[in-house]
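Have a look at the structure below before the remarks.
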Amino acid sequence: MPKRPINISEEDRHLFQQAIGAVRPIKQRVAPVAKPRPAPEPLQSLLDEARVSSELIDSAIDPAQIEVGEELSYLKDGHSPQLLRKLKRGQFSVADEIDLHQMTAAVARSAIAQFLAECKREGRLCVKIIHGKGLRSRNEGPVLKRLVDSLLRRRADVLAYASAKANDGGTGAVIVLLKRG
């Protein structure tokens, strides 16, 4: 539907010009037309993709051995499977925790030994060890996670352990039950 022209009286036109004052026309400038830019090439992404196959072949770990998201669990021989089930369900109160992030394997080994000894001495028998998921461990895989798993299995004072529930760290932490005295 076409717009109808608006009829403005001479008196209104004169009032408008008085209200705005003197005006000067603007010289119209035309912006130069830019050349279209070429489409970006994801060079780093292409290089990363090209390196994947060689990294898989040269990998120091077997991905089938332990995955980043793999849950850990252990029950010492001679104990009821119900104990491990309760631990996995979060039915024990965690009395203390240690965070191993940013530690080397040697420092973490020592820290775990000291932490567990102190917890036993003070009667804190359910503890959490935060080892992380190993997302920044590159080819070595989750170093601290494997270390924790290995150390805890060999300790006589560990009854059971299991990966924490998702809201407590998930596969980046384990809840450990220690033997009394």
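A compact table of results
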| read-out | value |
| --- | --- |
| Residue in the stretch 121-143 that is within 24 Å of Asp77 (Cβ to Cβ), among the basic types (Lys, Arg), in contact (Cβ under 8 Å) with a residue 40 or more places away in the chain and in contact with a Lys or Arg (Cβ under 9 Å, 6 or more places away or on another chain) present | no |
| Neighbours by Cβ (under 7 Å, 6+ apart or cross-chain): first from the stretch 22-35, free of Cβ contacts under 8 Å to residues at least 12 places away in the same chain; second among the hydrophobic types (A, V, I, L, M, F, W, C) | none |
| First in the stretch 86-106 and within 14 Å of Ala173 (Cβ to Cβ), second anywhere and loosely packed, with under 14 Cβ neighbours inside 10 Å, Cβ under 6 Å, 6 or more apart | Gly90/Lys165 |
| Per-region count, the stretch 67-93, residues surrounded by 14 or more Cβ atoms within 10 Å (Cβ to Cβ) and at positive phi | 1 |
| Residues of the stretch 79-96 that turn out to be charged (D, E, K, R) and under 12 Å from Val176 (Cβ atoms), as a count | 1 |
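Here is a yes/no grid of residues against (1) of a type in the set (Ser, Thr, Tyr); (2) crowded, with 19+ Cβ neighbours inside 10 Å; (3) touching a Phe, Trp or Tyr at 6+ places or on another chain (Cβ under 6 Å):
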| position | (1), (2), (3) |
| --- | --- |
| Ala95 | no, no, no |
| Gln102 | no, no, no |
| Ser110 | yes, no, no |
| Gln114 | no, no, no |
| Cys119 | no, yes, no |
| Val127 | no, yes, no |
| Asp168 | no, no, no |
| Thr171 | yes, yes, no |
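One line per residue, one yes/no per condition, for (1) more than 23 Å from the chain's Cα centre (by Cα); (2) at pLDDT below 80:
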{"site": "Gln17", "(1), (2)": "yes, no"}
{"site": "Pro38", "(1), (2)": "yes, no"}
{"site": "Ser54", "(1), (2)": "yes, yes"}
{"site": "Asp58", "(1), (2)": "yes, yes"}
{"site": "Gly78", "(1), (2)": "yes, no"}
{"site": "Gln82", "(1), (2)": "yes, no"}
{"site": "Leu87", "(1), (2)": "yes, no"}
{"site": "Asp99", "(1), (2)": "no, no"}
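The values are calculated or read from the model by the stated rules, or taken from the named source; none is laboratory data. Please read these numbers as outputs of a predicted model, since none were measured by experiment. Here the Cβ is made from the backbone with ideal geometry for all residues, glycine too, and neighbour counts use every protein chain on show.
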